[in-house]
Amino acid sequence: MQLTAEQQAVLATNHNLVINAVAGSGKTTTLIEYAKTRAANSKILYLAFNKTVKTEAIQKFAAAGVNSVKVETAHSLAFDQIIKFSNYQVKQGYKSYEWCDILNIKTGDHHTDFIIASHVNKFISYFCNSSVAKVQELNYADVISDAKAKTFVLNFYKQIEHFTREALAKMDRAEISVTHDFYLKKFQLSNPVLPYDYILFDEGQDASSAMLEVFLKQKAIKIIVGDMDQQIYGWRYAINSLQRVEFPVYNLSNSFRFDEEVALVANKILAWKKHLQQLPEVKITGIGKPGDIIKTKATLGRTNLSLLLNAIAQWQHGNLKTLHFEGNINSYTFADEGASLYDVLNLYNGKRQKIKDKLIAGMKTMKELEDYIDKTEDNSLGMIVKVVKEFGNKLPDLINELKSNHTAAKEDADMIFSTVHRCKGMEYDEVTLLNDFVNEEKLKKYITQYGGNKITERDKNRLTEEINILYVAATRAKSKLKIPPDINPLKSVELVEQPQAVLNSNKRYQRSRFGDDWDLNAESFANNKKGIYPKTANHGKRWTDDEEDTAAELFSNGIPIKDIAIELGRGANGVRTKLMNMGLVEDDD
């Protein structure tokens with residue numbers, strides 16, 4: 001194959017270096033060619049980001065006839081040295097309520113116990129992914145952003161640190177099963193020597209400090225590869241290792257995946273970093289050739305909530321017959337610690353006897369659960385709560401409809417759905433982005449809220465990562481990119497209008513596609529003129545949070561009280577009274 005001048009420059013080097021490879025620039029091909037020129041006389045280790053990438057890399061090296069390269073992940077190296085011949089048992093991870101039992105966390109208030117345990121879980125992960133030798137060398141409060149969560153951590157810091165150290169000690173003594181993070185940390189602290197002449201470290205922008213420490217201590221010629229603008233795992237305590245090493249930087253700036261139009265979108269998105277006093281590392285050039293046939297179509301969202309809303313809407317509008325969720329649809333209905341969407345729905349309905357997850361079962365009300373989320377920064381659980389509040393009791397049937405038409409093979413689906421974190425490394429012929437990503441105006445607003453020129457480094461990194469997430473999403477497209485105008489940095493790309501989910505067959509008002517206005521449903525409007533109204537089925541019943549939110553939003557958008565009453569199936573006087581109690585209507589209105 002014909003290599004670019006940038007790729008040939010990499011092959012010609014024989015010293016430590018950083019390869020900053022933009023999306024679709026052929027970094028794996030470059031590494032294979034690099035290894036091919038050295039494999040005969042050298043021992044080479046290729047470090048993959050995860051097991052899936054490892055499997056693909058083994059196949060690609062074999063297909064290229066390079067069979068002498070050892071392909072591993074950081075965890076597989078650590079497992080072989082720390083776990084294989086020990087009496088350790090490995091566990092995927094611990095839930096908060098499990099730590100409560102194991103560590104005997106008892107403050108006298110079970111709700112507080114759960115919150116402490118959640119922070120212990122995160123502190124363990126923070127320590128295991130760091131390069132330090134002792135827990136006391138870290139200040140866990142530094143990585144907490146939410147004000148409520150930070151206040152809680154500061155108030156209970158001694159207890160959280162104590163239980164974190166105790167949990168690590170129990171794992172070290174094999175009194176309890178160890179986690180994957182733990183044995184990788186133990187591997188780092190053992191100062192391992194890797195007997196290779198060359199080490200090729202892939203996806204370096206999302207490496208842990210622990211693994212970077214192992215990598216840098218080796219005597220081999222070290223090549224660290226990745227895209228400085230694709231770091232999207234900072235919330236897992238990953239660091240952008242490409243910017244932490246003092247090696248010469250070689251850029252791969254030509255993308256074979258897409259053409260110059262998509263490249264222009266990517267460059268414009270990355271240019272928003274100027275507001276954070278950052279400049280893109282390299283200008284992307286699109287040299288791909290769009291295909292005439294669209295075989296794979298994907299809808300990508302920033303969050304599970306927006307993705308489920310869109311999947312349901314497309315299904316209801318008859319836009320697709322089959323669908324596929326990257327990572328399996330079930331993974332979108334569980335929080336990180338395992339709490340099920342259905343458990344939260346049972347709590348929402350007051351059916352606590354049906355809840356299976358012990359954490360959710362320990363919550364008396366949805367308000368208590370939301371307080372837990374606020375004080376633990378459990379974003380995945382927070383998203384589950386939003387989904388439940390959005391759909392209510394219609395949720396099980398809606399999810400079952402999606403599941404019944406879900407295909408195991410993505411190639412067979414009319415539409416593939418994924419969040420950006422799940423589709424990292426993937427590519428599709430056609431990509432449609434949802435409207436829940438950051439845009440330039442939101443970015444500038446956040447910077448002002450975070451203190452402007454006094455913005456902290458942590459907040460700056462969080463906003464940088466939001467830009468990176470949109471960049472990663474846009475660059476999954478091979479031939480066609482559809483992007484909403486709110487997040488579109490230029491107007492030459494095809495704009496897209498997305499259908500909205502119909503949550504109520506009597507719904508008279510629907511959100512407009514690109515704003516917060518409300519449009520009158522034509523059929524319901526015609527019925528209204530004829531005097532055909534839904535019955536006031538909810539008259540006299542207790543108001544739900546969802547109904548209050550709907551009433552407030554409709555009223556703030558100028559919808560008359562009598563029409564809000566029809567929308568909610570309530571009496572006009574009842575709606576007026578509720579709006580008065582909410583401070584939205586004056587007594588004499």
(request) Kindly list the number of the only condition in (1) modelled with pLDDT under 90; (2) surrounded by 21 or more Cβ atoms within 10 Å (Cβ to Cβ) that fails for residue 52. (result) (2)
(message) Pull out all pairs, ordered by first then second residue, where Cβ-Cβ is under 9 Å, the residues are six or more apart or on different chains, the first lies in segment 52-70 and is in contact (Cβ under 8 Å) with a residue 24 or more places away in the chain, and the second is assigned to a loop (DSSP other than H, G, I, E, B) and polar (S, T, N, Q).
(response) 61/67; 61/68; 68/42
(message) Looking at residue 95 and the list (1) modelled with pLDDT under 95; (2) crowded, with 18+ Cβ neighbours inside 10 Å; (3) under 30 Å from residue 194 (Cβ atoms), which single condition is not satisfied?
(response) (3)
(message) Tell me yes or no: at least one residue of segment 289-310 is hydrophobic (A, V, I, L, M, F, W, C), open to solvent by 10 Å² or more (accessible area, probe 1.4 Å) and part of a helix (DSSP H, G or I).
(response) yes
(request) Quick one: which strands (runs of 3 or more DSSP E) lie wholly within segment 191-264 and hold at least 2 residues that are under 24 Å from the mean Cα position of the chain (by Cα) and crowded, with 18+ Cβ neighbours inside 10 Å? (result) 221-226
(message) Which numbered condition in (1) in a helix (DSSP H, G or I); (2) modelled with pLDDT of 90 or more; (3) closer than 22 Å to residue 546 by Cα is the only one that residue 391 fails?
(response) (2)
(request) Considering (1) more than 28 Å from residue 464 (Cβ to Cβ); (2) surrounded by fewer than 16 Cβ atoms within 10 Å (Cβ to Cβ), say which one residue 357 fails and leave the rest. (result) (2)
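Name the residues in segment 390-435 that are hydroxyl-bearing (Ser, Thr, Tyr), more than 25 Å from residue 50 (Cβ to Cβ) and in contact with a strand residue (DSSP E or B) (Cβ under 9 Å, 6 or more places away or on another chain), would you? Even if it seems obvious, please write down each step before you answer.
Quick first cut of segment 390-435, residues hydroxyl-bearing (Ser, Thr, Tyr) only: 404, 407, 418-419, 428, 432.
With more than 25 Å from residue 50 (Cβ to Cβ) added as a condition, the list becomes 404, 432.
432, the sole residue that qualifies.
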(request) Identify the residue in segment 425-477 that is among the β-branched types (Val, Ile, Thr) and assigned to a loop (DSSP other than H, G, I, E, B) and, among all such residues, is surrounded by the fewest Cβ atoms within 10 Å (Cβ to Cβ). (result) 456
(request) Look at residue 367 and say whether it is open to solvent by 10 Å² or more (accessible area, probe 1.4 Å), farther than 26 Å from residue 423 by Cα, touching a residue at least 12 places away in the same chain (Cβ under 8 Å) and basic (Lys, Arg). (result) no
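Which residue is surrounded by the most Cβ atoms within 10 Å (Cβ to Cβ), if the candidates are limited to segment 99-153 and must be of a type in the set (D, E, K, R) and part of a loop (DSSP other than H, G, I, E, B)? Even if it seems obvious, please write down each step before you answer.
Narrowing segment 99-153 to residues of a type in the set (D, E, K, R): 101, 106, 109, 113, 122, 134, 137, 142, 146, 148, 150.
With the extra rule that they be part of a loop (DSSP other than H, G, I, E, B), the set shrinks to 106, 109, 134, 146.
Numbers: 106: 11, 109: 10, 134: 8, 146: 15.
If we take residues in segment 99-153 being of a type in the set (D, E, K, R) and part of a loop (DSSP other than H, G, I, E, B), then 146 is surrounded by the most Cβ atoms within 10 Å (Cβ to Cβ).
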(request) Give segment 377-424 a look and list any residue that's buried (at least 18 other Cβ atoms within 10 Å of the Cβ), closer than 30 Å to residue 123 by Cβ and among the hydroxyl-bearing types (Ser, Thr, Tyr), or say none. (result) 419
(request) Restricting attention to segment 154-180, report how many residues are open to solvent by 60 Å² or more (accessible area, probe 1.4 Å), farther than 13 Å from residue 122 by Cα and either touching a Ser or Thr at 6+ places or on another chain (Cβ under 6 Å) or assigned to a helix (DSSP H, G or I) (or both). (result) 6
(message) For segment 19-49, which positions are β-branched (Val, Ile, Thr) and either open to solvent by less than 10 Å² (accessible area, probe 1.4 Å) or closer than 27 Å to residue 286 by Cβ (or both)?
(response) 19, 22, 28, 29, 30, 32, 44
(request) Read through the list (1) surrounded by fewer than 20 Cβ atoms within 10 Å (Cβ to Cβ); (2) closer than 19 Å to residue 387 by Cα; (3) not hydrophobic (A, V, I, L, M, F, W, C), then give the number of the only condition that residue 318 fails. (result) (2)
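Could you check how many residues of segment 565-589 are out of contact with any Ser or Thr (no Cβ under 8 Å at 6 or more places or on another chain) and modelled with pLDDT of 80 or more?
Total meeting the criteria: 1.
The values are calculated or read from the model by the stated rules, or taken from the named source; none is laboratory data. Being a predicted model, the structure only gives us computed values, none of them experimental. No Cβ is skipped: glycine too gets one built from the backbone with ideal geometry, and neighbour counts run over all protein chains shown. Side chains are part of the model used for accessible areas, which takes the heavy atoms of the whole protein and leaves out ligands, DNA and RNA. Shrake-Rupley method; radii C 1.70, N 1.55, O 1.52, S 1.80 Å.
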